[in-house]
Ligand SMILES: [Zn+2]
């Protein structure tokens, strides 16, 4: 047991178990006993999707920050999201995030944390020149990300995060605003509840009534946020929804011919808690598709049951399953698909990503890959790829936490909340091209693939 405990301590990157978030923690110099002063920074992560487990005072100008590991799973420490207040004007600090669980990171390629403050409520990425990522002789030779920041307004509360947050409440507000529009082609239902009794929402978008009979329609199933720290997936998903409920002529045609079923947040507890990869009980839900338990993985269980049931229903033609993720080491949007013996099926599977590559300047077909990794066997893409018949396609759609390369560009373009949503809109409209093409059964070639970045097998999803 002793050995086991030791390795657990090493894994969490600290002797002290980090179980909770810091709560309005004022960090004053050690031994200081006077009245609190301006400049004694107050750190807080006790809010939705917040994550900061510990702060060590190094000097007046430097602080070590510890990510709070995922609940019930100390292996994952990537997402952080916290506020700082009680700052002095022109106070310059260096924050060192010292206990990342990953070594490979887009911080090497210019990624930086995002920041906003009370008087500047729009999230921005910090300048890359203020960010350093290096292997540190302290902290068990862990990789450390340091960033310099200059506070400039004493009354502001500053918030820093790994990437643009997208919380459970934000989704609830968005879905409620959609519902208030009383759109005849949009239905919202509660598919189930999470362990902590949060809603598992399901949207159905289609024109019922005067259009095609339901049984002649294709069904596209989309899920996002099985990995809670992958907030870009929510922006992509909202982009898909925004497009599909819009008055855009392409959206109107799609609603006539396709039924879209969308589960925008597969792991609402993990998102709420500020985890990176796991559910409340420490499960990576994207490794449990084979046998989800109704009590330990209730949201996954409910989604799987629905898909299995639709697959057995002769009136439904389930053609696509797409699970949206964000990737911590690759650039661009890209997809993972499955491996088949049948060459013709392999070619058919490549059609959608090729079309998406034509429609979305940030999507790369050359980064798209098809694999049968053993460790991915419990993912939605792999499990459903085995379950559904050979006219269905299952993909993981990945989007970089950082940036994309466009045709002819030399420097990566960092993603914003808007460009993530735009990728979602492009995914949605690609279904029109797909179904038009399919009817003509025309082969397609991607005309403008621009990023010859080498595809690597990774564990990012
Ligand atoms: Zn993922």
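A few remarks follow.
- The residue that is nearest to residue 240 (Cα to Cα), counting only those in segment 326-352 that are more than 19 Å from the chain's Cα centre (by Cα) and touching a residue at least 60 places away in the same chain (Cβ under 8 Å), is 352.
- Every residue from segment 71-86 that is modelled with pLDDT of 95 or more and in a strand (DSSP E or B): 81, 82, 83, 84, 85
- When residues of segment 368-377 are limited to those that are modelled with pLDDT under 85 and within 16 Å of the ligand (Cβ to nearest atom), the one surrounded by the fewest Cβ atoms within 10 Å (Cβ to Cβ): 375
- Scanning segment 388-421 for residues that are part of a strand (DSSP E or B) and either away from the ligand (no atom under 16 Å from the Cβ) or within 14 Å of the chain's Cα centre (by Cα) (or both) turns up 393, 396, 397, 398, 399, 400, 403, 404, 413, 414.
- Taking the criterion of being more than 28 Å from the chain's Cα centre (by Cα) and either surrounded by fewer than 18 Cβ atoms within 10 Å (Cβ to Cβ) or not in a loop (DSSP other than H, G, I, E, B) (or both), the residues of segment 39-60 that qualify are 39, 42, 56, 57, 58, 59, 60.
- Of all residues in segment 383-396, those that are in contact (Cβ under 8 Å) with a residue 60 or more places away in the chain and in contact with a helix residue (DSSP H, G or I) (Cβ under 7 Å, 6 or more places away or on another chain) total 7.
- Among the numbered conditions (1) more than 26 Å from residue 167 (Cβ to Cβ); (2) in contact with a helix residue (DSSP H, G or I) (Cβ under 6 Å, 6 or more places away or on another chain); (3) free of Cβ contacts under 8 Å to residues at least 60 places away in the same chain, the only one that residue 108 does not meet is (2).
- Meets criteria (away from the ligand (no atom under 15 Å from the Cβ), in contact (Cβ under 8 Å) with a residue 12 or more places away in the chain and crowded, with 21+ Cβ neighbours inside 10 Å) for residue 183: no
- Unmet requirement for residue 224, which otherwise passes all of (1) touching a helix residue (DSSP H, G or I) at 6+ places or on another chain (Cβ under 6 Å); (2) surrounded by fewer than 24 Cβ atoms within 10 Å (Cβ to Cβ): (2)
- Test for residue 204: is it part of a strand (DSSP E or B) and either surrounded by fewer than 15 Cβ atoms within 10 Å (Cβ to Cβ) or without any contact (Cβ under 8 Å) to a residue 60 or more places away in the chain (or both): yes
- Residue 100 in a loop (DSSP other than H, G, I, E, B) and out of contact with any helix residue (DSSP H, G or I) (no Cβ under 6 Å at 6 or more places or on another chain): yes
- Test for residue 380: is it within 16 Å of the ligand (Cβ to nearest atom), out of contact with any helix residue (DSSP H, G or I) (no Cβ under 6 Å at 6 or more places or on another chain) and assigned by TED's automatic domain parsing to the domain that holds residue 251: yes
- Entirely in segment 216-325, the helices (runs of 4 or more DSSP H) that have 1 or more residues that are within 16 Å of the ligand (Cβ to nearest atom) and in contact (Cβ under 8 Å) with a residue 12 or more places away in the chain: 232-244, 268-273, 298-312
- Any hit, segment 353-367, residues being modelled with pLDDT under 95, within 16 Å of the ligand (Cβ to nearest atom) and crowded, with 19+ Cβ neighbours inside 10 Å: yes
The values are calculated or read from the model by the stated rules, or taken from the named source; none is laboratory data. On a predicted model such as this, the values are computed, not experimentally measured, just so you know. Please note: Cβ atoms are built from the backbone with ideal geometry, for glycine as well, and neighbour counts cover all protein chains shown.
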